[in-house]
Amino acid sequence: MSLDIARIRADFPLLAQEHNGHRLVYLDSASSAQKPQSVMHAMDEFMEHSYANVHRGVYAIAEAATARFEAARATVAGFIGARESAELAFTRNATEAINLVAHSWGRTNLAAGDVVVLTEMEHHANIVPWHMLAAERGIELRWIPIDAEYRLDLTNLDETLSGAKLLAVTAMSNVLGTVNDIPMLVRAARSAGAHVLVDASQAAPHLPIDVQAWDADFAVLTAHKMLGPSGIGALWARRELLEAMPPFLGGGEMIRDVRKDGFTTNDVPWKFEAGTPAITEAIGWGAAIDYLQGIGMDAVHEHEVELTRYALDALDAEFGERLTIYGPSTTDARGGVISFLFPAIHAHDVSQVLDEEAVCVRAGHHCAKPLMRVLQIPATSRASLYLYNDTDDVDALIVGLTHAEKFFAVDPT
Amino acid sequence: MAGLEDLYREIILDHYRAPRNRGELEVPPAHQVEGFNPLCGDEVILYLDVENGMVSDVKIAGQGCSISQASTSMMSAAVKGRSVAEARTITRAFKALMSIHESKIGGDDVDATADDLAGVRLGDLEALQGVVKFPVRIKCATLAWNTLVQGLDEIESSH
Ligand SMILES: Cc1ncc(COP(=O)(O)O)c(C=O)c1O
């Protein structure tokens, strides 16, 4: 049941572009995904016919806007397997969702000497908020290392988790492609008495996920990586946690009552949604999820695994030892993020040559500098695959890389 | 449409493949200064030997893309053996060359007028002008120069 990629590509107008006479080859979906027509259409249609602020007016379009906005929330909640929509608070992105947890849950529940466990493969979004809390509260950060196969090294897991209050871990690395075994990590954290925050920013777009099956406490995701618009993301948390947490930002929408001498908070999840939310973006995100579900996350994942296998084999056949791949060599528990480096050519220079041929890859540290330090490299090039990519895209990448290798070859003379 | 040849002139690739003045100097007497490009992780470490107002020696460590490596190498060749004042003038002229998209770099204004810099000959450095057509790479080209200025400022303020 492989996907009809030509049909899928036709849904993404941007992919029809050409640059320098080359067909656009978009291999940077781990950074942000392209959008299908249905998402743009849903947002346009909403603004043309039903736009109004939400949870405020009693007139018909305000009611309609509120209903559509809350329906989008239900769609996102359903997509990740939440028990109820009330467990899903909209945020600006995954970064804000993690900051919300650090600020609200963290400052209520963590004190000097408490331990938060991270992994060496976290994105800065799941590191810096904890550094900030460490600076403010004196909490201790511990790190689960990676092994030679670019997976978490769990040798000392129990020791690392011992006495910890929180494990904050990504479900899938945005640099290595590694998919972590979340249910196992949650079990280990639980038996150590720690809560678990799962960064699902990379997993949600590419794998079927189920926060209840994970048995996690918090999960964060971001719409723009999963075919939706930028400017909206979400925090999922178990209801009792959300109810016990103090609000994050204060203002309209998040209150029940405000007096001169104080305020009371709204019910969850609105307690965490101060100010006018990203209304049209929520509609767009709902449409993006409808699109993904129309194809099926199992099919999306299967396609990406096949294409990743193809890419890893093709890179190996063409470059062998001359190209280092930073990520698992097998496609078990691995997504379609492929980081690579010619040891003698900087990632930026490779990207520049690829850009000439309209091949879009990311170069840099991918907001994972601690990981780059562990790998002892300043940067990688990263090609990331999604449901609209096919073997032609991978082939174009390889041709571009052969040109980059030639262009920067050090003269043997 | 700017092509790769605009960016990667032969002289740039030459400096990239065979960088001048790689190495370290003993600190002290030399002064060490580091610069980072947070965007791409490029890193330059300069060792500056300044005596009697002269940049008597420069050595370079660190890592980065071809543009930042070549620019660092060319900078070291351009300022070594010059007076601090000359090194600063060359820096201003180079930044002016890069300033089409980045009018203010590293805190000191690049408002040098053409008159001010009229007599400055950049020579090989002009090969880096193609970088301005690739705005994201300008920071790669200016990293070494900003680091140089930082180092010279530190040396002068410590006297
Ligand atoms: C694993 C991971 N976590 C968090 C983020 C942050 O996402 P956003 O910038 O949308 O908040 C990203 C995006 O780069 C990511 O890859």
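What dipole magnitude, in Debye to the nearest 20, does region A:102-230 give about its Cα centre under +1 on Lys/Arg Cβ and -1 on Asp/Glu Cβ?
Details: 8 positive and 15 negative charges, 72 e Å.
That gives a dipole near 340 debye.
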Dipole magnitude (debye, nearest 20) for region A:50-293, charges at Cβ of Lys, Arg, Asp, Glu: 580 debye
Helix-only [θ]222 nm of the protein assembly as shown, DSSP H runs n ≥ 4, -39500 (n - 2.57) each, per residue, nearest 500: -11500 deg cm²/dmol
Between 0 and 90°, nearest 10: helix A:128-137 axis offset from chain A longest Cα axis: 50 degrees
Phi-based couplings in Hz for region B:42-48 (Karplus 6.51, -1.76, 1.60; Gly and Pro marked x): 5, 9, 10, 10, 10, 10, 10
Rounded accessible area of residue B:140 (nearest 10 Å², 1.4 Å probe): 0 Å²
Hz values of 3J(HN,Hα) by residue in region A:13-19 - Karplus curve (6.51, -1.76, 1.60), Gly and Pro given as x: x, 4, 5, 7, 5, 10, 9
Solvent accessible area, Å² - residue B:145, 1.4 Å probe, full protein context: 0 Å²
Local electrostatic count, residue A:399, Cβ distance below 10 Å [Lys/Arg +1, Asp/Glu -1]: -3
Probe 1.4 Å, all protein chains present, accessible-area order of A:257, A:392, largest first: A:392, A:257
Placed amide H near residue A:146: partners under 5 Å, 5+ positions off or other chain: A:120, A:153
Partner lysines for residue A:225 [C-alpha distance under 20 Å; skip if fewer than 8 residues away on the same chain]: A:35
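For chain A, what is the convex hull (Cα atoms) projected area averaged across all directions, in square nanometres?
Numbers: hull surface 89.3 nm².
Computed as one quarter of the Cα hull surface, the answer is 22.3 nm².
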In Hz, Karplus ³J(HN,Hα) per residue of region A:344-361 (6.51, -1.76, 1.60; θ = phi - 60°; x = Gly, Pro): 9, 10, 5, 4, 5, 5, 4, 4, 5, 5, 4, 4, 4, 9, 6, 9, 9, 10
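Indicate, rounded to the nearest 5 percent, the antiparallel portion of the DSSP beta bridges found entirely in the protein assembly as shown. Walk me through the numbers on the way to the answer.
Values: 47 of 67 bridges.
Approximately 70 percent, going by the DSSP bridge assignments.
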Modelled label reach - residue A:295, point 7 Å along Cα→Cβ, region A:71-85 residues with backbone N closer than 20 Å: A:75-81
Farthest toward positive dipole pole in the protein assembly as shown [+1 Lys/Arg, -1 Asp/Glu at C-beta], among A:102, A:270, B:18: A:270
Residue of A:100, A:241, A:152 that the Gaussian network model of chain A assigns the largest fluctuation, springs spanning Cα pairs under 10 Å: A:241
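In debye, nearest 20: dipole of the protein assembly as shown around its Cα centre with unit charges on the Cβ of K, R (+) and D, E (-)?
Values: 46 positive and 79 negative charges, 195 e Å.
Dipole about the Cα centre, nearest 20: 940 debye.
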Placed amide H near residue A:33: partners under 5 Å, 5+ positions off or other chain: A:225, A:226, A:227
Furthest towards positive pole of dipole, B:76, B:56, B:93, structure part region B:51-97, Cβ charges: B:93
Cross-link reach list, lysines versus residue B:80, counting only Cα pairs under 21 Å and skipping chain neighbours closer than eight places: B:59, B:95
Which of A:394, B:27 is most accessible, then next, and so on - probe 1.4 Å: B:27, A:394
Rounded Å value of the spacing that divides the Cα centres of region A:189-220 and region A:146-170: 15 Å
Nearest-ten-degree value, helix A:60-79 long axis tilted from longest Cα axis of chain A: 60 degrees
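Under a 1.4 angstrom probe, counting protein chains only, how are A:374, B:50 ranked by accessible area, largest first?
Details: A:374 65, B:50 40 Å².
So, going from the largest accessible area down, we get A:374, B:50.
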Cα-based reach from residue B:133 at 19 Å (exclusive), listing aspartates and glutamates while leaving out same-chain residues under 8 positions away: A:349, A:355, A:356, A:357, B:5, B:6, B:10, B:102, B:124
Selection from A:258, B:129, A:358, by position along the positive dipole direction of the protein assembly as shown (Cβ): A:258
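Got a number for carbon plus sulfur as a percent of chain A's accessible area, 1.4 Å probe? Don't skip to the answer; put the middle values down first.
Details: 8380 of 16040 Å².
Accessible surface attributable to carbon and sulfur in chain A totals 52 percent.
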Most mobile of A:335, A:193, A:327 in a GNM of chain A (Cα contacts under 10 Å): A:193
For residue B:42, residues with placed amide H under 5 Å, excluding near neighbours: B:37
10 Å beta-carbon shell around residue A:220, net charge (K/R +1, D/E -1): -2
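The values are calculated or read from the model by the stated rules, or taken from the named source; none is laboratory data. Remember, it's a predicted structure, so these values are computed and weren't measured experimentally. FYI the Cβ positions are ideal-geometry reconstructions off the backbone, even for glycines, and counts take in every protein chain you see. Note: accessible area is taken over every heavy atom of the protein model, side chains too, but ligands, DNA and RNA are not part of it. Shrake-Rupley method; radii C 1.70, N 1.55, O 1.52, S 1.80 Å.
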